[in-house]
Amino acid sequence: TLFLEFWKRHRATFVYEWKVYDWSESEEELILEIVNDADCEPKEYKHSYLHSTLVLICVTVMIFLIIGLTHVLVVFRVIIAGFLAKKHFQSNSSHIGAMLAGGLLHFLIITIMTRVLGPLNVDFRFILAILSVILMTCFSLQVNRIVARKLCEIEKTRSFAATERSFTLKMFTFQFFTYFCSLFYVAFILGRINGHPGKYVRIAGQWRLEECHPSGCLTDLFIQMTIIMVAKQTISNVFEYTGPWFYRFMGKRKRSPKLQRKCANCYLKDESEVKDGDELCENCKLRDWHKNFQLTDVDSFSLFNEFLEMVIQFSFTTIFVAAFPLAPLFALINNVIEIRLDAIKMVTLQRRMVPKKTNNIGVWIDILEAIGVLAVIANGLVIGVSSDFIPRLVYRYVYSPCVNDTATNIDCMVGYINNTLSNASMSDSRVMFEPDQMITPDGFNATSCSYKDYRNSDFNVTPQFWLILAVRFAFVILFEHVLVICKFIAAWFVPAAPMQVKNERLFDKLKRLKEELRSFRPESVWIP
């Protein structure tokens, strides 16, 4: 919230300097239409419930399709964990191996669903498609972008600004679900729907659903986020820089011929101190224009990928940051490097962008505000539901040796691990064990098996389970309400614009009104 509020103050300063406080994008588009056609008619506002319903259905189908890919990842991890276990890996090693493989496959799917590979040559795209054909044979290389554009065409927006807002919302929604579906599964579902001894949930009756890491589900979430975020930032920087470079030197267009030197007059201008207003001669200008034209083309959406990347990064650094505190550090390192790469790309590898007047970043600020609210909810659920914070708290004040003040000189958390485990008897007919599972590595015959859950001998949940569940939800509700209140207080406390900017704008408005009143003086009105 503080970041967004200080960004608004920063933006207000530039808006005042460029005198675009009262600028309207819709009015600007009308002016351009009049310039192009003096007799033009304005495009009227229209709304079609049929088109809106169709777009909503298509967006929902696309989201469910992305969620379906997450289920494919779950099946993949389960099969990999079972395969590694059969190869006599330790259970811990097989679990970590499955999480690493799932994280890498998830990133591969993200690359296919989101990466724009147009600047690269056909052979490289084909090789990458072959590597990714495991799950994505029925999808093109720009699925999210193509679907978002098609939906905008169906929607039939009135103006370019409306099309840009609609495309931004749809594209971000698809990207967000592509990146975060697997993370939400690991954070809130993993290890909670896998059943209990004698009634485990199995895929095709063979592979058991995976459990959380012995140290907790946050370890799984940490591994998954590390792989996705670090790989995304590294690969994105490589693609962003090498894409235009390949397009210029090895792409579809021919290499630009080596340009001639500047004329002697312009060459000396560069060597000496150039006064304000001095320009190159017409021939040297033409050479510069030709050189710029041979670079990678840019369009109205060229900066869209940069905005989208930053917003997704902002999501990584706020959502689930309780489970992955290194996310802001990785983001900082990435941005320090990417600033220079983007500068090289925009100055030497791409055409100069055509300036466009604006006074804000459009719908992106609303998306950032929504991410801030979602981050409060997600981190509250991570602390209250995914972590062991609440079970440890309940044990300390309800079930620990320190409850009745009878134990002295003893840690109140003694016995916590055993308290979180339930026992299944080997002789129970409902529980089936393999013969090799009934013998410990030391050669002793096991009579019972412990598993992490709050169940009795009949596999029914204990009262402690319901107590912990109630405390979890109470904590989440309290945590979220307190943080949302603090969020709104912080937003109110920090003014959206500096006082100097507000006062200067006030004096400018007063000066403008005085000039307008002096220029318009009806006979019936006397102005001293």
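The values are calculated or read from the model by the stated rules, or taken from the named source; none is laboratory data. Given the structure is predicted, the values throughout are model-derived calculations rather than measurements. Here the Cβ is made from the backbone with ideal geometry for all residues, glycine too, and neighbour counts use every protein chain on show. These area figures cover heavy atoms from the full protein model, side chains too; ligands, DNA and RNA do not enter into them. Shrake-Rupley method; radii C 1.70, N 1.55, O 1.52, S 1.80 Å.
A 1.4 Å probe run over the protein chains yields, for the stretch 278-396, 51 Å² of accessible area per residue, whole-number rounding.
Between residue 398 and residue 299, the simple spin-label model (points 7 angstrom out along Cα→Cβ) gives 5.9 nm. Remark on residue 195: its backbone amide H falls under 5 Å from those of 201, a criterion applied only to residues 5 or more positions apart or on other chains, H modelled at 1.01 Å from N.
Just check the stretch 311-359 against the gyration tensor rule for me: Cα atoms, a ≥ b ≥ c as the square roots of the eigenvalues, rounded for a/c under 1.5, and otherwise prolate or oblate depending on whether a/b exceeds b/c. Oblate, because a/c is 1.5 or more while a/b does not exceed b/c. Near the amide H of residue 387, within less than 5 Å, lie no amide hydrogens of residues on another chain or at least 5 residues away, with H placed in the peptide plane. Note: the stretch 443-494, Cα convex hull, 98 Å³ per residue. With a threshold of 22 Å on the Cα-Cα distance, the over-threshold entries among 487/509; 19/509; 150/345; 8/487; 19/291 are 487/509; 150/345; 19/291.
The length gained by stretching the chain between residue 41 and residue 58 to full extension, at 0.36 nm per residue less their Cα-Cα distance, is 2.9 nm.
Restricting the chymotrypsin sites (Phe, Trp or Tyr not before Pro) of the stretch 1-60 to loop positions (DSSP other than H, G, I, E, B) with no more than 13 neighbouring Cβ atoms within 10 Å leaves 18, 45.
Net length available on complete extension from residue 21 to residue 2 is 4.6 nm, with 0.36 nm assigned per residue and the Cα-Cα distance removed. Rounded to a whole number, what % of the accessible area of the stretch 300-452 do carbon and sulfur atoms account for, probe 1.4 Å? Summing carbon and sulfur atoms, their accessible area is 62 percent of the total for the stretch 300-452.
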